[in-house]
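This report concerns only the one structure given below.
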């Protein structure tokens, strides 16, 4: 916990009053009042008052509670000696168990669960792609969804207009997306930080507006349907269970390749650029070129995810590629931990699963996402698995 | 043979004349110091030499090659490395990774060989690691190779920056205040290190405030004041130069 | 046609300029793109409808329309300022010393929160602003100008001039400029940084509230999602003029309004929302510091 700055009036009665739970609750309830009326504001006041007071109490006793917990832990571990296997064997066992759970999912899981799992897989690839750009290289891209959209639409169009199949479209589409990544990056990378974020956001919006308005080519808001699912050895991959394994192959491929690139001189150069751009160029890294590679390599995965998405849904429309989608992918990366490959996998799974589990309170999930982002930044900005020293070793 | 030649180098920031028609030459294998009061334009000079700032006028040639308008990474590739006045390490990388990434411009594996882990890639990685350890040993940090760079003590961070500079395999190393903030013992060690670099055949230019260091190791000294070169010479010549004494101590003295 | 588009463009431009001022002021001081700023404008539009509805319900509107309008105006501005102040305290202040990415993400979070907060409390459908002034207006060189348009143009001009006076003449205004230039120095000469930042948010949010109110009256319809696109456009305007520069934001806002209005009329209205982005991208590539901004050398 950071120490509060010493304030001249910190002990004045006014300061104490404005920081009291009753005042905070009253203030927020008052702000809420016009939107939902007196009764709702009253309820909010009581809830907030209770919450803030409890939080204060908890904060006061935080030290004591921590001490109690650790002594309890000592007490338990002193009494009960469970023989834990060595950490290496343990992690191997854990990995084995997890892969069995994942690989056997179609045999025990409900269709609904498999469907979510397939979606998670697509988002894992997307989030890994964005992680290259934001997590490794430290470039904020707020229009990442544009590459996803270009990938999905190019497969949709190649397939429905020209009758080109999945396996022939895949390299074409992904190459097109990578190329568009280059095209955006060449001018955009002259810009720094926030400006880059805004330009990428603008790019995302322009792509969506074009998809939405170019009726003769993209069928506008109606979207494109009747996209062919992939075939393997003449067998159509259209059943959910089949698609699940199909996606897993691509997820593994993505993680495998990204890990290897990240653990090479290329990945090290990216992280160096994130840490200090001037110092990177002063040790001989061509920062412009490497930022460009990062953008294009990230876009590559978004394109792949787009193609998979189109093949899975057999339908694409501009609605799937809004700014909120970019934010969602960014949230996955941040929640998991910038620059952490396993973290980003976890982040993607959580953010796909969570809303599904919260179906009953679906209305509030965006509200929760918004406040969750703020709280994440305040209390755990490094995400679940990120942290100091997140860089890559093979 | 002169390794570096600076001719009429001028840099203006708006109306401010940071450096004005500075010229000097550096012999290969020598140690040169640039001294002068704060704001004399020393760091700006380094920035021009390494491509971080573009000079307004003048030319820099390195090994008979014009480098004035080259990009930063090309300058490094030709053999100029530097450290920074306020340390700029890759803080969240480990010590050894800092040195490994600095060999970037001397290596060439691409995406494909990284993905398939070709034998040339594996060999290159092995060499990078071995060399990194060698450089760390040179600056005395081999025991800390897996420490996060940002958590090293100040003096070690300065030395790591030097290891990083050496890792780019330079001919010329620019050191921006290498002993600033160090105690006498650390300063002594740093002087030893700089001498060792010279023995390895490197040419060194340093910006330094500590006169003991300057007078103790440099063969040649350039004095800047308000962006203008007011004197150049051997330590004993500089010590007795009245212009220099005036610039440092004011007119009355 | 030309005069008509000119007037429409100026009206729209006045609104963009008012929102852009909030972006530019916050960016000048915190170097933060306050993503939630567009939502404050949206809150302003909603609060206008809510308060006016309330005053109609209690009969104040039929008793004295001007009084009801003034009260609505004042209350909406006060509430929006309070929202701006509160958002800074909760979501940005704890992140003052965090890496640059953190407050930006936090701002995106606030933006998502506020959109859904309004959607849940006020419904997802469009809200109608009572049509009080009909479409009354006058002819002006072959174009029709409604009184609402005249009011918007006049109010934007007055507010912008007063802001300029405030920034250049008052103690607080000078303190703001000092903090924008150098926070450390400003605090050393005894300026309370926190107070200045709070004041910036209060003033910026107040201006956005006025913009929201005027747009609600102008279009007659509001929706919880209007803040995002207006926010992006206003940010574009701020960048166009050079972010951090107050005259730049005013000029950029009006320029953007004109460009949008003319290109919608003469090129194609389908891509109405894309023009702002295209202009933004072009400006950033040609002169990243904007029309009024200063280029900065990298500090080493």
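Answer with yes or no whether residue B:88 is in a loop (DSSP other than H, G, I, E, B) and surrounded by fewer than 18 Cβ atoms within 10 Å (Cβ to Cβ).
no
Would you confirm whether any residue within region C:221-229 is free of Cβ contacts under 8 Å to residues at least 40 places away in the same chain and surrounded by fewer than 22 Cβ atoms within 10 Å (Cβ to Cβ)?
So far as region C:221-229 goes, no, none of its residues is free of Cβ contacts under 8 Å to residues at least 40 places away in the same chain and surrounded by fewer than 22 Cβ atoms within 10 Å (Cβ to Cβ).
I need the full set of residues from region C:267-284 which are touching a residue at least 12 places away in the same chain (Cβ under 8 Å) and more than 22 Å from residue A:220 (Cα to Cα), in order please.
C:279, C:280, C:283, C:284
Out of (1) more than 30 Å from residue B:16 (Cα to Cα); (2) modelled with pLDDT under 85, what's the single condition that is false for residue C:292?
The single condition residue C:292 does not satisfy is (1).
Given the conditions (1) within 16 Å of residue A:205 (Cβ to Cβ); (2) at pLDDT 80 or above, report the number of the one that residue C:271 does not fulfil.
Only one criterion is unmet by residue C:271, namely (2).
Inspect region B:210-230 for any residue being surrounded by 23 or more Cβ atoms within 10 Å (Cβ to Cβ), under 30 Å from residue B:127 (Cβ atoms) and touching a strand residue (DSSP E or B) at 6+ places or on another chain (Cβ under 9 Å) and give the result as yes or no.
No; the residues of region B:210-230 include none that is surrounded by 23 or more Cβ atoms within 10 Å (Cβ to Cβ), under 30 Å from residue B:127 (Cβ atoms) and touching a strand residue (DSSP E or B) at 6+ places or on another chain (Cβ under 9 Å).
Which of the helices (runs of 4 or more DSSP H) found entirely inside region A:49-162 contain at least 2 residues meeting this: in contact (Cβ under 8 Å) with a residue 12 or more places away in the chain and touching a strand residue (DSSP E or B) at 6+ places or on another chain (Cβ under 6 Å)? Don't jump to the end; show me each part of the working.
On the way: elements: A:87-103, A:105-108, A:111-130, A:145-162.
Here the list reads A:145-162.
Evaluate region A:306-327: report whether one residue or more is free of Cβ contacts under 8 Å to residues at least 60 places away in the same chain and farther than 28 Å from residue A:168 by Cα.
Yes.
Please tell me if residue C:275 is within 14 Å of chain A (Cβ to nearest Cβ), in contact with a helix residue (DSSP H, G or I) (Cβ under 8 Å, 6 or more places away or on another chain) and farther than 19 Å from residue C:40 by Cβ.
Yes.
So is residue C:98 over 22 Å from the mean Cα position of the chain (by Cα), over 20 Å from residue C:227 (Cα atoms) and within 11 Å of chain A (Cβ to nearest Cβ) or not?
yes
Name the one entry in A:292, A:384 that is in contact (Cβ under 8 Å) with a residue 12 or more places away in the chain and outside the structural domain of residue A:136 (by TED's automatic domain parsing).
Only one candidate qualifies: A:384.
I'd like to check which helices (runs of 4 or more DSSP H) are fully inside region A:163-258 and have at least 3 residues that are touching a helix residue (DSSP H, G or I) at 6+ places or on another chain (Cβ under 6 Å) and more than 9 Å from chain C (Cβ to nearest Cβ).
A:166-188, A:193-213
Determine, yes or no, whether residue A:302 is more than 14 Å from every other protein chain (Cβ to nearest Cβ), touching a residue at least 24 places away in the same chain (Cβ under 8 Å) and within 30 Å of residue A:193 (Cβ to Cβ). Spell out the reasoning first.
Working: more than 14 Å from every other protein chain (Cβ to nearest Cβ): yes; touching a residue at least 24 places away in the same chain (Cβ under 8 Å): yes; within 30 Å of residue A:193 (Cβ to Cβ): yes.
So residue A:302 fits the description; yes.
Would you mind finding the one in A:279, A:262 that is surrounded by 19 or more Cβ atoms within 10 Å (Cβ to Cβ), in the same structural domain as residue A:121 (by TED's automatic domain parsing) and within 23 Å of the chain's Cα centre (by Cα)?
A:262
Report the residue count in region C:1-39 for those that are outside any helix (DSSP H, G or I) and crowded, with 24+ Cβ neighbours inside 10 Å.
Our first condition is that a residue be outside any helix (DSSP H, G or I); within region C:1-39, this holds for C:1, C:31-36.
Then keep just the ones that are crowded, with 24+ Cβ neighbours inside 10 Å; that gives C:33-36.
Counting residues in region C:1-39 that are outside any helix (DSSP H, G or I) and crowded, with 24+ Cβ neighbours inside 10 Å gives 4.
Only one of B:41, B:51, B:14 is over 17 Å from the mean Cα position of the chain (by Cα) and at positive phi. Can you tell me which? Outline the logic, then answer.
On the way: B:41 fails: over 17 Å from the mean Cα position of the chain (by Cα); B:51 fails: over 17 Å from the mean Cα position of the chain (by Cα).
Going through B:41, B:51, B:14 in turn, just one is over 17 Å from the mean Cα position of the chain (by Cα) and at positive phi: B:14.
Does region C:5-61 hold any residues that are away from chain A (no Cβ under 13 Å) and out of contact with any helix residue (DSSP H, G or I) (no Cβ under 8 Å at 6 or more places or on another chain), and which are they?
Hits for region C:5-61 are C:58, C:59.
Looking at (1) without any contact (Cβ under 8 Å) to a residue 40 or more places away in the chain; (2) within 14 Å of another protein chain (Cβ to nearest Cβ), which one does residue C:186 not meet, given that it meets all the others?
Here residue C:186 meets the rest and fails (2).
Taking the options B:133, B:138, B:70, name whichever one is assigned to a loop (DSSP other than H, G, I, E, B) and touching a helix residue (DSSP H, G or I) at 6+ places or on another chain (Cβ under 8 Å).
B:70
Taking the residues in region B:53-66 that are part of a loop (DSSP other than H, G, I, E, B) and surrounded by fewer than 21 Cβ atoms within 10 Å (Cβ to Cβ) as candidates, determine which candidate is nearest to the other protein chains (Cβ to nearest Cβ).
Looking at residues that are part of a loop (DSSP other than H, G, I, E, B) and surrounded by fewer than 21 Cβ atoms within 10 Å (Cβ to Cβ), I get B:53.
Just to be sure, is residue B:97 buried (at least 16 other Cβ atoms within 10 Å of the Cβ), at the interface with chain A (Cβ under 7 Å from one of its Cβ atoms) and assigned to a loop (DSSP other than H, G, I, E, B)?
no
The values are calculated or read from the model by the stated rules, or taken from the named source; none is laboratory data. Quantities reported herein were computed from a predicted structural model and do not represent experimental measurements. Neighbour counts are summed over all protein chains in view; Cβ atoms, including those assigned to glycine, are modelled from backbone coordinates with ideal geometry.
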